[in-house]
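Since the structure comes first, as structure tokens, the remarks are kept for the end.
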Amino acid sequence: MPGGRLTQEDRRRIAAWLAEGLSHAEIGRRLSRPTSTITREVNRNGGPAGYQADQAQRATRQRARRNTAPAPVAVAPADPRADGRDPVAVGQFEERFTEALAQMGMPRTICRVLTCLTTTDSGSMTSAELVRRLRVSAASISKAMSFLEEQQLVRRERDGRRERYVVDDDVWYRASITSAYMNEVLATAALDGAEVLGPDTPAGARLADTGRFLKCFTADLLSRAEYWHAEITGRGQSEGGDRPPAEP
């Protein structure tokens, strides 16, 4: 039923359409569901490459059984050392923040790890602490950290014999810079493709427009990111000096 819970048949269709290369938006349209519903369903059940209908159905049933279990007497806040916070409100925010990250296309376990680090006052935890907090395997934490480090969202630092995973105050600045350079690589490839296919052909013109857009967008993004990082943190001047970036 559109708008209700996904059925096993829905999940079989999702698996088949993913195999055909359909986007989450197109699958949502075919099932009369929001794109966010399809994104959450796929990301929490193995991702686009590992999604299996029967496995997703079993996992959903298990989550439903856990959700009907009696609530614990006390709920641990994001940071056990911080007093005065409403643990229920903190838990609700963590879920909301996790869902927001999932909308960006990241697997749910990775989203939970990043949320946990972000909402901890110290901004850092060990692998063992994350395992206990999130109740997942050490292998899951290791896999999540590999992805987050690649995206410049988390870094490692030594704490005696242990390693701590740290999310810095300027994490999104660094992640934005990383994303911008990835756009630069794609822009160069698109412009090269336009030359190969011929700029006067429809495909070549399309690639040329793509390359020019990404080049201009990346330059603007880098300029603004540098300026506002310096402006907000006070850690030095941007390359543009004291002049704020132009309005679009």
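Couple of notes before you dig in:
- For segment 203-236, the tally of residues that are more than 24 Å from the chain's Cα centre (by Cα) and within 14 Å of Ser176 (Cα to Cα) stands at 1.
- Pair list, Cβ < 9 Å and 6+ apart or interchain, from segment 177-197 residues that are closer than 10 Å to Thr218 by Cβ and at pLDDT 90 or above to residues that are open to solvent by 30 Å² or more (accessible area, probe 1.4 Å) and β-branched (Val, Ile, Thr): Leu186/Thr210; Ala187/Thr210
- Answer residue from segment 163-172, given it is touching a strand residue (DSSP E or B) at 6+ places or on another chain (Cβ under 8 Å) and either open to solvent by 30 Å² or more (accessible area, probe 1.4 Å) or in contact (Cβ under 8 Å) with a residue 60 or more places away in the chain (or both) and is farthest from Gln152 (Cα to Cα) among those: Glu163
- Residue selected from segment 26-49 under the condition open to solvent by 30 Å² or more (accessible area, probe 1.4 Å), free of Cβ contacts under 8 Å to residues at least 12 places away in the same chain and in a helix (DSSP H, G or I), by the criterion farthest from Gly105 (Cα to Cα): Arg29
- Segment 137-162, residues that are part of a helix (DSSP H, G or I) and open to solvent by less than 40 Å² (accessible area, probe 1.4 Å): Ile141, Ala144, Met145, Leu148
- Pairing residues of segment 89-112 that are over 17 Å from Trp172 (Cβ atoms) with residues that are open to solvent by 50 Å² or more (accessible area, probe 1.4 Å) and charged (D, E, K, R), at Cβ distances under 6 Å and at least 6 apart in sequence or on separate chains, gives Arg108/Arg44.
- Residues that are surrounded by fewer than 16 Cβ atoms within 10 Å (Cβ to Cβ) and of a type outside the set (S, T, N, Q) were ranked within segment 222-233; the one that is nearest to Leu186 (Cα to Cα) is Trp228.
- Of the candidates Ala190, Ala175, the single residue that is buried (at least 18 other Cβ atoms within 10 Å of the Cβ), outside any loop (DSSP other than H, G, I, E, B) and hydrophobic (A, V, I, L, M, F, W, C) is Ala190.
- Matching residues, segment 187-220, being out of contact with any helix residue (DSSP H, G or I) (no Cβ under 6 Å at 6 or more places or on another chain) and under 25 Å from Arg174 (Cα atoms): Thr188, Ala189, Arg212, Phe213, Cys216, Phe217, Ala219, Asp220
- Single residue of Ala15, Ala59 found to be modelled with pLDDT under 90, out of contact with any Cys (no Cβ under 7 Å at 6 or more places or on another chain) and either assigned to a helix (DSSP H, G or I) or among the aromatic types (Phe, Trp, Tyr) (or both): Ala59
- Filtering segment 193-214 to residues that are open to solvent by 90 Å² or more (accessible area, probe 1.4 Å) and not in a helix (DSSP H, G or I) leaves only Asp200.
- First in segment 221-232 and farther than 13 Å from Trp172 by Cα, second anywhere and of a type in the set (Asp, Glu) and surrounded by 17 or more Cβ atoms within 10 Å (Cβ to Cβ), Cβ under 8 Å, 6 or more apart: none
The values are calculated or read from the model by the stated rules, or taken from the named source; none is laboratory data. Note that the coordinates shown come from a computational prediction; the quantities given were computed from them, not determined experimentally. No Cβ is skipped: glycine too gets one built from the backbone with ideal geometry, and neighbour counts run over all protein chains shown. Calculation scope for accessible area: heavy atoms of the full protein, side chains included, ligands and nucleic acids excluded. Shrake-Rupley method; radii C 1.70, N 1.55, O 1.52, S 1.80 Å.
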